[in-house]
């Protein structure tokens with residue numbers, strides 16, 4: 001009887017042991033299935049993150065695009081190449097024992113841009129225009145540095161919305177050059193729809209009225225966005241003097257005065273109410289690219305100067321560089337395989 | 001007399017022990033069944049989810065022209081280079097009906113037919129619900145069936161939802177409790193030109 005009881009207990013123990021092992025195995029299999037899917041999802045998210053990270057590096061014109069990284073316990077590697085505006089990016093996300101690869105072909109595109117088809121495009125009306133001293137507006141197409149003429153792509157010096165404004169500008173005399181010097185062009189784009197995006201993406205913001213000098217905004221290879229909110233008063237609430245050099249897009253809401261050794265290469269947008277733009281007599285302020293003067297009502301453009309160089313030179317190259325600011329670009333998908 | 005009582009008592013105790021063991025064995029079997037059905041349904045759900053994600057993410061890859069050929073709430077036909085070898089595949093997904101699955105106790109399950117080119121595979125995942133919903137570029141739902149090329153071109157995002165149940169009841173043959181998993185995801189096929197980065 002005692003021996004039988006021993007066998008019975010041993011037999012039961014063995015049976016329960018087998019059953020328990022089997023149940024644990026089933027549970028383990030269930031956990032593996034779930035965690036396997038979780039790891040797969042994580043690896044995929046890492047691969048996608050890698051593509052985003054690479055594109056942001058392109059946006060910021062980083063000298064070296066990162067080819068690997070890690071995030072929250074996982075890692076990724078990226079291979080990229082480019083020809084012109086076409087990018088090829090292959091990213092692999094790795095998490096635990098899961099990997100996920102994405103192969104993409106993207107077209108780097110520029111967003112719509114408020115093109116100006118003159119050295120000064122005046123969209124506001126009526127216009128008050130005066131030019132004196134050695135101030136000059138030149139619609140001939142200069143290179144991005146304003147040093148050499150390109151030889152083609154010349155535009156009017158000043159474009160207005162109405163014939164009466166064109167007459168006003170012409171009567172002002174002065175050194176306005178271009179093909180033709182003054183023209184009525186109603187196609188000058190209203191920059192207002194673009195300004196919010198420029199404000200959101202601005203690298204430099206001036207929200208206080210005042211006098212600003214000794215500033216450096218971006219570079220020729222990495223242009224920037226500058227946003228100045230001068231308000232709608234009638235005084236010169238934003239005034240640039242001294243050594244100010246900038247590249248990219250300069251937006252001024254309100255009135256602005258450029259003085260001293262102010263040099264800007266790219267697009268200048270002045271928008272507001274009865275906007276007043278003045279290039280002062282002191283120093284040699286200049287814009288290489290184009291200027292759009294817009295507003296809810298009229299505008300006043302006053303150019304003075306003692307310098308021998310033109311105050312405003314049209315440059316399609318400088319405008320193109322402004323258009324290609326990394327933050328203002330986006331990527332269209334040509335192919336996406338995952 | 002004493003040994004006779006011992007025999008009777010030991011028989012009673014053995015009987016009680018045997019009944020207890022049988023009861024425990026029954027409970028264990030039931031738990032194992034539940035676990036097994038849970039494993040099967042969840043594994044099926046994971047596999048089907050991965051298959052759908054993999055296929056739907058490739059919709060339109062290396063396809064010029066119309067990328068989705070027809071779209072309905074229970075099926076879709078699209079073109080895609082599934083293997084990235086410059087060979088465009090004609091892919092169809094279509095939910096069957098309950099008459100296509102006769103070997104299970106679950107009267108609500110139906111198969112999913114996946115066809116690539118001319119090869120059709122009947123997949124018996126244990127689906128009891130399968131629904132595809134389509135959205136345009138601003139995530140407005142497009143009513144199904146979507147038949148005209150103009151409507152089909154508006155598709156930018158695809159929501160897929162399904163429910164998988166075990167083929168047999170969890171507890172007993174007469175029970176109507178099924179192990180079940182529900183999955184839903186909105187997939188934005190990158191090759192449908194909705195996203196810009």
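Tell me, yes or no, whether segment A:170-179 has at least one residue that is part of a strand (DSSP E or B), touching a residue at least 24 places away in the same chain (Cβ under 8 Å), in contact with a helix residue (DSSP H, G or I) (Cβ under 8 Å, 6 or more places away or on another chain) and buried (at least 16 other Cβ atoms within 10 Å of the Cβ). Break it down into steps so the answer makes sense when it comes.
As a first pass, look at segment A:170-179 and keep what is part of a strand (DSSP E or B): A:175-177.
Applying the additional criterion that residues be touching a residue at least 24 places away in the same chain (Cβ under 8 Å) yields A:175-177.
If we keep only those that are in contact with a helix residue (DSSP H, G or I) (Cβ under 8 Å, 6 or more places away or on another chain) too, we end up with A:176.
Going one step further and asking which of them are buried (at least 16 other Cβ atoms within 10 Å of the Cβ), we end up with A:176.
Within segment A:170-179, one or more residues are part of a strand (DSSP E or B), touching a residue at least 24 places away in the same chain (Cβ under 8 Å), in contact with a helix residue (DSSP H, G or I) (Cβ under 8 Å, 6 or more places away or on another chain) and buried (at least 16 other Cβ atoms within 10 Å of the Cβ).
When the residues of segment B:98-126 are filtered to those that are in a strand (DSSP E or B) and in contact (Cβ under 8 Å) with a residue 60 or more places away in the chain, which remaining residue is farthest from the chain's Cα centre (by Cα)? Steps first, answer last, please.
Step one: filter segment B:98-126 for residues in a strand (DSSP E or B), giving B:110-116, B:119-126.
Restricting the remaining residues to those that are in contact (Cβ under 8 Å) with a residue 60 or more places away in the chain gives B:112, B:114, B:123, B:125-126.
Values: B:112: 8, B:114: 13, B:123: 9, B:125: 5, B:126: 6 Å.
Among those that are in a strand (DSSP E or B) and in contact (Cβ under 8 Å) with a residue 60 or more places away in the chain, it is B:114.
In segment A:36-68, which residues are at negative phi, away from chain B (no Cβ under 12 Å) and in contact with a helix residue (DSSP H, G or I) (Cβ under 7 Å, 6 or more places away or on another chain)?
A:60, A:65, A:66
Please work out if residue A:288 is modelled with pLDDT of 85 or more and within 17 Å of the chain's Cα centre (by Cα). Steps first, answer last, please.
Details: modelled with pLDDT of 85 or more: yes; within 17 Å of the chain's Cα centre (by Cα): no.
For residue A:288, the condition - modelled with pLDDT of 85 or more and within 17 Å of the chain's Cα centre (by Cα) - is not met.
Quick check on residue A:8: is it in contact with a helix residue (DSSP H, G or I) (Cβ under 9 Å, 6 or more places away or on another chain), facing chain B (nearest Cβ under 10 Å) and surrounded by fewer than 15 Cβ atoms within 10 Å (Cβ to Cβ)? Explain how you work it out, then say what you get.
Details: in contact with a helix residue (DSSP H, G or I) (Cβ under 9 Å, 6 or more places away or on another chain): yes; facing chain B (nearest Cβ under 10 Å): yes; surrounded by fewer than 15 Cβ atoms within 10 Å (Cβ to Cβ): yes.
Spelling it out, residue A:8 is indeed in contact with a helix residue (DSSP H, G or I) (Cβ under 9 Å, 6 or more places away or on another chain), facing chain B (nearest Cβ under 10 Å) and surrounded by fewer than 15 Cβ atoms within 10 Å (Cβ to Cβ).
Kindly provide the set of residues from segment A:276-295 that are more than 21 Å from residue A:140 (Cα to Cα) and in contact (Cβ under 8 Å) with a residue 60 or more places away in the chain, ordered by number. Step through it out loud before you land on a result.
Just the residues of segment A:276-295 that are more than 21 Å from residue A:140 (Cα to Cα), to begin with: A:276-278, A:280-283, A:294-295.
Scanning segment A:276-295 gives A:281, A:294, A:295.
May I ask you to list the residues in segment B:158-197 that are away from every other protein chain (no Cβ under 14 Å), assigned to a strand (DSSP E or B) and over 21 Å from residue B:47 (Cα atoms)?
Answer for segment B:158-197, where residues must be away from every other protein chain (no Cβ under 14 Å), assigned to a strand (DSSP E or B) and over 21 Å from residue B:47 (Cα atoms): there is none.
Scan segment A:147-169 for residues that are touching a residue at least 24 places away in the same chain (Cβ under 8 Å) and assigned to a loop (DSSP other than H, G, I, E, B) and report the count. Outline the logic, then answer.
We begin by selecting, within segment A:147-169, every residue touching a residue at least 24 places away in the same chain (Cβ under 8 Å); these are A:150, A:153-162, A:164-165, A:168-169.
With assigned to a loop (DSSP other than H, G, I, E, B) added as a condition, the list becomes A:150, A:153-157, A:161-162.
The total comes to 8.
The values are calculated or read from the model by the stated rules, or taken from the named source; none is laboratory data. Because the structure is predicted, anything quoted here is derived from the model rather than measured. FYI the Cβ positions are ideal-geometry reconstructions off the backbone, even for glycines, and counts take in every protein chain you see.
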